1. Can you pull the semi-axes for the stretch 133-186, root of five times each eigenvalue of the Cα gyration tensor, sorted largest first, whole Å?
2. Quote the Stokes-Einstein diffusion coefficient, in whole µm² s⁻¹, for the stretch 127-252, based on the Kirkwood radius over alpha carbon pairs, a temperature of 10 °C and a viscosity of 1.306 mPa s.
3. Only Cα pairs under 8 Å and at least 6 apart count here; give the relative contact order of the stretch 126-247 as a rounded whole percent.
4. Given 0.36 nm per residue, what is the gain on full extension from ALA140 to GLU261 after removing their alpha carbon distance, in nm?
5. For the stretch 214-277, what is the largest minus smallest coordinate of the Cα atoms on each principal axis, given in angstrom and ordered from greatest to least?
6. In terms of the ratio Rg/(2.2 N^0.38 Å) built on C-alpha atoms, what value belongs to the stretch 196-248?
7. For a Förster distance of 41 Å, can you work out the FRET efficiency between the beta-carbons of GLU110 and LYS15, rounded to the nearest 0.05?
8. Whenever you get a sec, line up THR298, THR235 from highest to lowest accessible area (probe 1.4 Å, protein heavy atoms).
Amino acid sequence: MKKETFLLLAEKYEKGTCTPEEKIAVEAFFDKMQNQTSHIENNISDEKGEVILNKIFSELHVKPKKYSIQKALKVAAVLVTGLTIAFTAAKFAFKPATITQVTAKGEKKEVFLEDGSVIVLNSNSSVTYPEEFESTRNIALDGQAYFKVFRDVKRPFVVQTHDVKVRVLGTSFDIDSYKHHDTKVSVITGKVEVTSPTGKKVQIIKNQQADLINNSDLQISTENSDDKIAWISNTIILKNTKLSETVKIIENWYNVDIFIEDQELNNLTISGKFKDEKLENVLESIAYLKQLKINYTTKNQITIRKKKP
């Protein structure tokens, strides 16, 4: 919290114009500070206390009232002598509320941030962010999301996943960071900096993708950026995607559970494009291409196995 903001709130409290929430916050703050400043007030003379108190009221632009020296010393200790501690505590006490947005399997959600940035959250994902940004716009992501960031050179936009950190000023990009596969960061416009868990940093631009390999190294490849955000328009694009990864994508999209009976099938690679397709059509296409058998135990429980001759 800035000093000016704190002084304004103190002035409102003095005048009795605080909202109920502000009044509670101010009183809670002063209660905390009383314990931290008791040793200070004992070392301030009455005369010095009066001088400090008048200085406080001068900064608050309010007319001094007749206070006991004891109260003067308490207020002075909190607002002047202990200013550094006070503002640190105030920043903690008035920390912006944290918001978490979550999507279930089969759901997508558009999230609008207070700075004008937009997040499109893919299925089975979540983002956490402060209600109001401060010097850095920090976002925590679990899963996959597309970010269209409003440019603000004074406040970098930083996304932290379970493994990588992505830092930008103003651009659009996609982060695919589900825990069951290597994290992938793709740039749609502009430039981003990606940092691995080991501290390695790379910068990528439009049509480039950074893949985290073995949770340490970042590998850059050239990819069509539009393909990376095809999911926003309800399109699944598979390019030599392993069956094990394809199954995870389908599970998230259609809110189903799929079991691969024969584990050697996991490394089969699938290529295809499915736009607004029904689950049955997607599975039957994959089964036809790879000579597989699809069995529905229930509507949401599916088994993939080898097709017997």
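1. Over the Cα atoms of the stretch 133-186, the ellipsoid semi-axes are 21, 11, 8 Å.
2. Value of D from the Cα-based Kirkwood radius: 106 µm²/s.
3. 16
4. Length difference between fully extended and current span is 40.0 nm.
5. Ordered largest first, the stretch 214-277 gives principal extents of 34, 33, 19 Å.
6. After normalising by residue count via 2.2 N^0.38 Å, the value is 1.32.
7. 0.45
8. THR298, THR235
The values are calculated or read from the model by the stated rules, or taken from the named source; none is laboratory data. What you see is a predicted model; the values in this text were computed from it and never measured. Virtual Cβ from ideal backbone geometry, glycine too; neighbours counted across all protein chains shown. Surface areas here come from the heavy atoms of the whole protein model, side chains and all, with no ligands, DNA or RNA. Shrake-Rupley method; radii C 1.70, N 1.55, O 1.52, S 1.80 Å.
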